[in-house]
1. Given the options 46, 15, 37, state which has the largest fluctuation in a GNM of the chain using a 10 Å cut-off (strictly under) for Cα springs.
2. Please give, to one decimal in nm, the separation of the simple spin-label points placed at residue 33 and residue 16, each 7 Å out from Cα toward the Cβ.
3. When only Cα pairs under 8 Å and 6 or more residues apart are kept, what is the percent relative contact order across the chain?
4. Mean residue ellipticity at 222 nm from the helices of the chain, using -39,500 (n - 2.57) per DSSP H segment of n ≥ 4 over the full residue count, to the nearest 500 deg cm²/dmol?
5. Which one, 35, 12, 50, has the greatest fluctuation when you compute a Gaussian network model over the chain with C-alpha springs under 10 angstrom?
6. Where the Cα atoms of the chain are projected onto their three principal axes, how long is each span, largest first, in whole Å?
7. Tell me, in nm to one decimal, what length is gained between residue 55 and residue 8 on full extension, where the rule is 0.36 nm per residue of separation less the Cα-Cα distance?
8. Using the alpha-carbon atoms, what tilt in degrees (0 to 90, nearest 10) does helix 46-57 show relative to the longest principal axis of the chain?
């Protein structure tokens with residue numbers, strides 16, 4: 001299982017992130033009002049998008 005490979009993620013987020021069943025970010029439809037392609041050469045992946053959300057919404061420690 002993927003979750004077994006990342007014990008720190010499991011310890012920090014417990015059951016809030018299911019590493020074995022990530023949200024489907026890679027195949028989202030793009031709304032018509034977005035006209036600029038910002039992903040050329042850098043495709044969206046479920047793992048990358050999940051990491052981005054964790055980093056953006058995560059707690060900061062000082």
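Derivation of every value follows stated rules applied to the coordinates shown; laboratory data play no part. What you see is a predicted model, and the numbers here were worked out from it, not measured in a lab. Neighbour counts run over all protein chains shown; Cβ positions are idealised from the backbone, glycine included.
1. Result for the chain, Cα springs under 10 Å: 37 fluctuates most.
2. 2.9
3. Values: 24 pairs, mean separation 18.8, N = 62.
Computed over the chain, the figure is 30 percent.
4. On the way: 2 runs with 19 residues, N = 62.
Calculated at 222 nm, the ellipticity per residue is -9000 deg cm²/dmol.
5. 35
6. Rounded to whole Å, the extents work out to 40, 33, 20 Å.
7. Details: separation 47, 0.36 × 47 = 16.92 nm, distance 1.41 nm.
The residue 55-residue 8 span can extend by a further 15.5 nm.
8. Approximately 70 degrees, to the nearest ten.
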